[in-house]
Amino acid sequence: MAEYSKEEIKRIEEKWKTIWEQKQAYRTDLDHNRPKCYVLDMFPYPSGAGLHVGHPLGYISSDIYARYKRLKGFNVLHPMGFDAFGLPAEQYALEHGVHPAVSTQKNIETFKKQMRGIGFSYDWSREVQTCDPSYYRWTQWIFIQIFDSWFNRKKEKAERIADLVKIFEKEGNAHHPFPNTKYTLPGTKSNVFSTADWKSFKPQLQQEVLMQYRLAYLAYTDVNWCEALGTVLANDEVINGVSYRGGFPVVKKQMRQWSLRITEYADRLLKGLEEIDFSDSMKEIQRNWIGKSTGARIDFKVKSEKGTVPSMTVFTTRPDTLFGVDFMVVAPEHEIVKEITSAAQEEEVSKYLTYVESRSEVDRMAEVKKITGCFTGAYAIHPFTHTEIPIWTSEYVLAGYGTGAIMAVPCGDERDHKFAKFFKLPITNIIGKDYNGEEANPSYDAILQNSDFLNGMVMRDAIGVMVDRLEQLGIGKRQVNYKMRDAGWSRQRYWGEPFPVVFRGDMPYAMADQDLPLELPNTNNFKPSGSGEGPLANLKDWIHFSPTERRDSNTMPTHAGAAWYFLRYMDPHNDKVFAGREALDYWNQVDVYIGGSEHAVAHLLYSRLWVKILHDLGYLSFDEPFKKLINQGKITGDSRFVYRIRGTNQFVSAGLKDKYETDPLHVDINIVNGLELDTDAFRKWRPDFTDAQFVLEEGKYLCGSAIEKMSKSKYNVVNPDDIIEKYGADTLRMYEMFLGPLEQSKPWNTNGIDGVYKFLKRFWNLFHDGNGKFGVTPDAPTPDEHRVLHKTLKKISLDIENYSFNTCVSEFMICVNELTALKCNKRSVLEPLVVALAPFAPHIAEELWSLLGYTEMVVGARFPEYDERHLQVTAHAYPISINGKVRATMEFALDMPKDDIEKMVLASEIVKKWSEGKPPKKVIIVPGKIVNVVL
RNA sequence: GCCCGGGUGGUGGAAUUGGUAGACACGCAGGACUUAAAAUCCUGUGGCCAGUAAUGGCUGUACGGGUUCAACUCCCGUCCCGGGUACCA
């Protein structure tokens, strides 16, 4: 008896999982005779909670795609691994005393077990774990390559530091100025040096200079210091001034940190977006993050009491508005403030600076709209009108962007306008009626007035004219600015990659290749030192491993291991290089990358950066890692609530809750059916509910509901294991796809899962008679059966190529409905369908395939091609236009073979009737479209 | 505030990208089988109206306009929902 029952499903699924493992069915090797396809999932962080139904959504889609591509004859790389370093394991260690290595391994085992249950086709022989020394050895190695390179702006690519040294020896740094324009050589005010200077520098100073160019560099930088976590956070880990994890306050602190000079790549990261297939919103997020703006730097002479400052420089995107400047604003942190403040304003300015310093990041974030500022007593001289423009300082100008100083044009900029109104400063109007006196108009299209040589010009056109003039006079220059900052790369944590450097004196030196990996020392002391140093600082012997040398006490962020793991998959066991060149060239770019949109800025940008650097240094033939990115939507939880009457153990049904004073409580989703609570189960759920009383409506207890994030504390987590236990993995896979479009977020519910289960059962039954006996007939298909088969094959293959898996499932259901109605049990029809179903429901497909008599697995089969000749197209009646003009309308509806000649014949017949016997010269007819006829 | 998405039956969602809106599934209702229930199968199911009926008519894709022979799809305006971002000059 072979019925598609719970027991049979279990037997089948376990059987095939075991066979796949024994035969290593999904093992992949280089094969130059077949086209390759690299299908990648974002590898998970193995959290203690295990997988929930949201995780597999992306994994299932990528698995379907990978399996499909295999059946289409591609050599598919479809690996999985673990992003195993990270803060949660370390915090767990602090709380429970379990070493991160131990808890991480345990979690990974759980993840793998759960993944096995779903029946993924991963090549587990290629698994990587970022915390494995044989892996992070190469993370460290790549870091050294980055440390050992600089960005040649002339060639727009990374080169070796050794090449830079050669340049310095030949010509100093005249053609390659310091990336940081504010940097000056120690003891001087200069930022240029000659060959002779370079040769006179002591080795220590040479290293210091080189550090200014390195793509991974050490510098005192303002970092986001989180006291509560005892660590520094990256910009993208700070949300609204508090830590993304825990929501603790974050303040600025100066620390000597590693950074990656990602800003040098801003333009290439931006340009690269044009050639890769990411969603519009994803590209937009990255563009915003990079934040490119073009404009000009403009120098202003300064008149102060002390007369010491010859000029100040501002950045503006609107040089066309130069004649509308009414005041200047510099950031409070700007060093010029102290130099130009007049005696009369001294007290007020210092009071204001104290106030600004006292304001935490959170305060500033919370009160963005608050207008504060102070006059410095100094004036800038307008380069054309030579009028005196008052210089103010205000926190609305940021020290870290542009030059930290702006020219304020209140009639065109909203913030400048508000500032002017608040401090009652006069406003110059340069755009006539386009400025209403009430609010700024940031238009580019107004006609300029009051603007000397720009009068009468459209603002947009005036920009270039003004910049040209400024450049001629040598008081301004075209300039591009980016919002993006260099990426902080140090973490004061234990559970991460140690930096592969040794310090001699103050300077770090890269470790030699043969000394890698620098292994993370084993310890049980994970407490941060609190002063800003990480737990590794507690290991004095490790830090000071020799009398003259010491190690870095920081570790790298989790982004490091994740920035290149997709390369390691290509050649995971290589101990000579991070991945062999042949494998890198063969597997090349990731063809499809599926994962959550939350990694839009951090992970995806760092991966793109590392690949670009490795490409520049000659290690890779491609410079974008991911050809196509798909963001699967989040699966949210669907929570249920019960309402307890305050102070009692009585619970009121949702419809009646307003009649009482109640408190809502989350209730376990698993003891609620739809909205109806299983009251017996509820009493058993928790001891304090044993004697719960219920106020029912219409004999039922109905729960309240809300869509929320899935989390343990909300009792709305659905574990895929439970679904598999009840319906099997094939049903879970197909149901998750059936839920809706892949990229759309949706709440999890099991409302329709029976429909999918029934579908599989009916599919199974097509191969069996009423008594559960397997049997198919050898007959040839009827035209109807042909049509059903080829229609389905066409739709399925097209939809998979478009990642539209939900419509695939529907198409399968239609197919089974139609074949059931036709009572079709022919091998010629059913066999191709087994192969088509295999990507979605691999277990049942394998079983049916073997029942059909194949000894080789369906894994190795070929996806059936559809044949257009078996498809019937229904044409509809539409107006027919003759010579582009609509002449008449006629209805026809018929099944028409989709064949061009017949279409022509048909169309000409129709037209013949209408155009009074005149035969058409040219007829274009597309089913479902306007029929165009040229007479 | 600004920038992207999106709004279709009781529900999840289809619609060849301008061509019969609501496929498929859930739910619901009715029926068959059964002593009964479960399971399974069949029929119906956007709304309103007419008819004993087969059927026919009107209306309908957030709202208001427009383009078109034809609009869920394109254009203009309005209202909601989701995501990103936040003094970046």
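The values are calculated or read from the model by the stated rules, or taken from the named source; none is laboratory data. Just so it is clear, the model here is predicted, and its values are computed rather than measured. Reconstructed Cβ throughout: ideal geometry from the backbone, glycine too, with neighbour counts over all protein chains shown. We work out accessible area using only protein heavy atoms, side chains counted, and drop any ligands, DNA or RNA first. Shrake-Rupley method; radii C 1.70, N 1.55, O 1.52, S 1.80 Å.
Annotation: of all residues in the range A:417-455 being in contact with a Leu (Cβ under 7 Å, 6 or more places away or on another chain) and assigned to a loop (DSSP other than H, G, I, E, B), the one that is most open to solvent (accessible area, probe 1.4 Å) is A:N455. Scanning the range A:336-357 for residues that are open to solvent by 80 Å² or more (accessible area, probe 1.4 Å) and within 14 Å of A:T372 (Cβ to Cβ) turns up A:E348, A:K351, A:T354, A:E357.
Look at the range A:777-793 and say how many of its residues are of a type in the set (V, I, T) and within 16 Å of RNA strand B (Cβ to nearest atom).
Qualifying residue count, the range A:777-793: 2.
I'd like to check something: does the range A:76-94 contain any residue that is under 26 Å from A:K634 (Cα atoms), assigned to a helix (DSSP H, G or I), in contact with a strand residue (DSSP E or B) (Cβ under 9 Å, 6 or more places away or on another chain) and at pLDDT 95 or above? No: zero hits. Just to be sure before I move on: is A:M484 part of a helix (DSSP H, G or I), of a type outside the set (K, R) and in contact (Cβ under 8 Å) with a residue 40 or more places away in the chain in the structure I sent? For A:M484, the condition - part of a helix (DSSP H, G or I), of a type outside the set (K, R) and in contact (Cβ under 8 Å) with a residue 40 or more places away in the chain - is not met. Annotation for the range A:620-634: no member residue is modelled with pLDDT under 90 and over 43 Å from the mean Cα position of the chain (by Cα).
Looking at A:F120, is it in contact with a Gly (Cβ under 6 Å, 6 or more places away or on another chain) and of a type outside the set (A, V, I, L, M)?
Numbers: in contact with a Gly (Cβ under 6 Å, 6 or more places away or on another chain): no; of a type outside the set (A, V, I, L, M): yes.
Criteria not met by A:F120.
Here is the figure for the range A:781-803: residues that are surrounded by fewer than 18 Cβ atoms within 10 Å (Cβ to Cβ) and in contact (Cβ under 8 Å) with a residue 40 or more places away in the chain total 4. Considering the range A:156-195, the residues that are open to solvent by less than 40 Å² (accessible area, probe 1.4 Å) and touching a residue at least 60 places away in the same chain (Cβ under 8 Å) include one that is nearest to A:E335 (Cα to Cα), namely A:P179. Can you name every residue in the range A:456-477 that is surrounded by fewer than 17 Cβ atoms within 10 Å (Cβ to Cβ) and either in a helix (DSSP H, G or I) or in contact with a Lys or Arg (Cβ under 8 Å, 6 or more places away or on another chain) (or both)? The answer is A:R460, A:D461, A:G464, A:V465, A:D468, A:E471, A:Q472, A:L473, A:K477. Any residue that is within 16 Å of RNA strand B (Cβ to nearest atom) and among the charged types (D, E, K, R) - is there at least one of those in the range A:837-850? No, every residue in the range A:837-850 fails to be within 16 Å of RNA strand B (Cβ to nearest atom) and among the charged types (D, E, K, R). Within the range A:322-335, if we keep just the residues that are closer than 21 Å to A:H386 by Cβ and open to solvent by 10 Å² or more (accessible area, probe 1.4 Å), the residue that is farthest from RNA strand B (Cβ to nearest atom) turns out to be A:F323.
Tell me the residue from A:P88, A:P56, A:P79 that is touching a residue at least 40 places away in the same chain (Cβ under 8 Å) and open to solvent by 20 Å² or more (accessible area, probe 1.4 Å), please. Within the list A:P88, A:P56, A:P79, the selection yields A:P88. Considering the range A:597-619, the residues that are at pLDDT below 90 and buried (at least 17 other Cβ atoms within 10 Å of the Cβ) include one that is farthest from A:A487 (Cα to Cα), namely A:S597. Summed over the range A:548-570, residues that are in contact with a Lys or Arg (Cβ under 9 Å, 6 or more places away or on another chain) and either within 17 Å of A:L520 (Cα to Cα) or among the aromatic types (F, W, Y) (or both) total 7. Pairs meeting the criteria (first residue in the range A:835-860 and more than 16 Å from A:A66 (Cα to Cα) and free of Cβ contacts under 8 Å to residues at least 24 places away in the same chain, second residue surrounded by fewer than 23 Cβ atoms within 10 Å (Cβ to Cβ) and not hydrophobic (A, V, I, L, M, F, W, C), beta carbons under 9 Å, at least 6 apart or on different chains) are A:W849/A:E831; A:W849/A:E856. Restricting the search to helices (runs of 4 or more DSSP H) fully inside the range A:671-776 and requiring at least 1 residues that are away from RNA strand B (no atom under 13 Å from the Cβ) gives A:679-685, A:720-727, A:729-738. The residues in the range A:17-50 that are open to solvent by 50 Å² or more (accessible area, probe 1.4 Å) and small (G, A, S) can be counted, and the count is 2.
The sole residue among A:T308, A:T294 that is of a type in the set (V, I, T), within 15 Å of RNA strand B (Cβ to nearest atom) and either at pLDDT below 90 or not in a helix (DSSP H, G or I) (or both) is A:T294. When the range A:485-501 is filtered for residues that are out of contact with any Leu (no Cβ under 7 Å at 6 or more places or on another chain) and open to solvent by less than 10 Å² (accessible area, probe 1.4 Å), the ones remaining, listed by number, are A:S490, A:R491, A:Q492, A:G496, A:E497, A:F499, A:V501. Within the range A:454-474, residues that are closer than 14 Å to A:T321 by Cα have Cβ atoms under 9 Å from residues that are assigned to a helix (DSSP H, G or I) and open to solvent by 50 Å² or more (accessible area, probe 1.4 Å) in these pairs: A:L454/A:V465; A:M457/A:V465; A:V465/A:F453; A:M466/A:F453; A:R469/A:F453, counting only partners at least 6 apart in sequence or on another chain.
Checking the range A:694-706 against the condition returns no match, with no residue being farther than 24 Å from A:G655 by Cα and touching a strand residue (DSSP E or B) at 6+ places or on another chain (Cβ under 7 Å). The requirement of being open to solvent by less than 80 Å² (accessible area, probe 1.4 Å), of a type in the set (A, V, I, L, M, F, W, C) and within 16 Å of RNA strand B (Cβ to nearest atom) is satisfied by A:V397. Taking the conditions exactly as written (farther than 30 Å from A:Y619 by Cα, of a type outside the set (D, E), without any contact (Cβ under 8 Å) to a residue 12 or more places away in the chain and out of contact with any Cys (no Cβ under 6 Å at 6 or more places or on another chain)), does A:K199 satisfy them or not? In short, no.
Counting the residues of the range A:137-174 that are part of a loop (DSSP other than H, G, I, E, B) and touching a Ser or Thr at 6+ places or on another chain (Cβ under 8 Å) gives 2.
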